[in-house]
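The values are calculated or read from the model by the stated rules, or taken from the named source; none is laboratory data. Predicted model, so just to flag it, every value in this text is computed and none were measured. So basically every Cβ, Gly included, is an ideal-geometry build from the backbone, and we count neighbours across all protein chains shown.
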Amino acid sequence: MRAAVLHEIGQDKLEVLDDVEAVGFGPGKVRLRIRATGLCHSDVSAMSGVLPQPAPFIPGHEGAGEVIDVGDGVSGLSAGDRVLVCWLPACGTCPACKRGQTQLCLAGFMNAGTPNFKRPGGDVFGFAGTGTFTEEVVVGAGCAVPIPDDVPFEIAALIGCGVTTGLGAAINTAQVEAGSSVAVIGCGGVGISTVQGARVRGAAQIVAVDPVASRREAALRFGATEAVSPDEFADARQRITAGEGFDYVFEVVGKSATARTAYENTRRGGTLCIVGAGALDDNFQVNMFELFFDEKRILPSMYGGGDVLRSYERAIALWRAGRIDLASMITHRVRLDGINDALDQMRTGESLRTCVEL
Ligand SMILES: [Zn+2]
Ligand SMILES: [Zn+2]
């Protein structure tokens, strides 16, 4: 079958090959036919080595499709079911799952070191234990989450990562208060979802900060009340908060430099929410005096910062009610052959979300 493979970490192009096989089917597993997959910035970060990932590997972790086959012992799923791919499946029994914090369950990561594809040349890994830039993938049953019939595959794919991450940061983690002031630094697909989450929560001002003009324009369409370049951020803070700083600042880039900017633009007693996925060797610095004296709350948000399945359900409910716009987040569509162009568009900030149709 066809799949897009990265041969070595650090390369920036994928090779679309037709000699790839999805392996590992058996008890507790399901075989999926992927129909749509979004391109998430984490795919690019794994390719460049910012996020740890063994290679060769098939990127993609934001996907949806149909169940083709179900292994022994799998209940609640059968062939033909429409599902989205959850790259962080909950085991249901670990302490994190028992507390309802399934976004912190590590069970899924245990599989990430096991190759789930192979080629005549050898084993191929899937990104984060999934790998959706492919026609078929075998995953644990917990990675296949049934979706209602009215949710198109392309919308379900977005909910599988970016939308859940961004919405959850505003709703679960920061719990943005009605009438508050919010700034969102970084307005790709996740940042736009954070903007939408802040709007759903009733924020009075939502300032989108991004160096790319097309993303700033997009942020305004999705509910930002103002959109500025990083150079204009200090001025916006002065005008909107009288210099005090924002009630909430979301860092959706994944870099210590932007996290520091976010920290400095959070008001005393306000909330800095870290949403971006960053590197192991990039350290965020805060001095001990400002940490206690300014009482800014630093709240990291991993995959929406709450029970993952509940976050999916909420995203679907908000989308169905017309309270969030997911269809307009898909700014580009490609077939698998166009994947490298799509990666370039993501790197330049031209696309919010590219939907890869398979
Ligand atoms: Zn667990
Ligand atoms: Zn993602």
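Got at least one residue in the range 65-81 being buried (at least 19 other Cβ atoms within 10 Å of the Cβ) and within 16 Å of ligand 1 (Cβ to nearest atom)? So far as the range 65-81 goes, no, none of its residues is buried (at least 19 other Cβ atoms within 10 Å of the Cβ) and within 16 Å of ligand 1 (Cβ to nearest atom).
Residues satisfying the criterion are absent from the range 113-128 (criterion: within 16 Å of ligand 1 (Cβ to nearest atom) and among the aromatic types (Phe, Trp, Tyr)).
Restricting the range 39-54 to residues that are closer than 18 Å to residue 279 by Cα and in contact with a strand residue (DSSP E or B) (Cβ under 6 Å, 6 or more places away or on another chain), the residue that is surrounded by the most Cβ atoms within 10 Å (Cβ to Cβ) is 40. The one condition from (1) part of a helix (DSSP H, G or I); (2) surrounded by fewer than 17 Cβ atoms within 10 Å (Cβ to Cβ) that residue 318 does not meet is (2).
Which members of the range 128-138 meet the condition of being modelled with pLDDT under 95 and not in a loop (DSSP other than H, G, I, E, B)? Result: 128, 129. Just one of the listed residues (86, 97, 105) is over 21 Å from residue 68 (Cα atoms) and either under 19 Å from the mean Cα position of the chain (by Cα) or within 16 Å of ligand 2 (Cβ to nearest atom) (or both), and it is 105.
Every condition in (1) under 16 Å from the mean Cα position of the chain (by Cα); (2) within 16 Å of ligand 1 (Cβ to nearest atom); (3) part of a helix (DSSP H, G or I) is met by residue 155 except one, and the failing one is (2). So residue 107 fits all but one of (1) away from ligand 1 (no atom under 16 Å from the Cβ); (2) surrounded by 17 or more Cβ atoms within 10 Å (Cβ to Cβ); what number is the exception? Only one criterion in (1) away from ligand 1 (no atom under 16 Å from the Cβ); (2) surrounded by 17 or more Cβ atoms within 10 Å (Cβ to Cβ) is unmet by residue 107, namely (1). All but one of (1) within 16 Å of ligand 1 (Cβ to nearest atom); (2) in contact with a Leu (Cβ under 9 Å, 6 or more places away or on another chain); (3) touching a residue at least 60 places away in the same chain (Cβ under 8 Å) hold for residue 94, so report the exception by its number. With (1) within 16 Å of ligand 1 (Cβ to nearest atom); (2) in contact with a Leu (Cβ under 9 Å, 6 or more places away or on another chain); (3) touching a residue at least 60 places away in the same chain (Cβ under 8 Å) applied to residue 94, the lone miss is (3).
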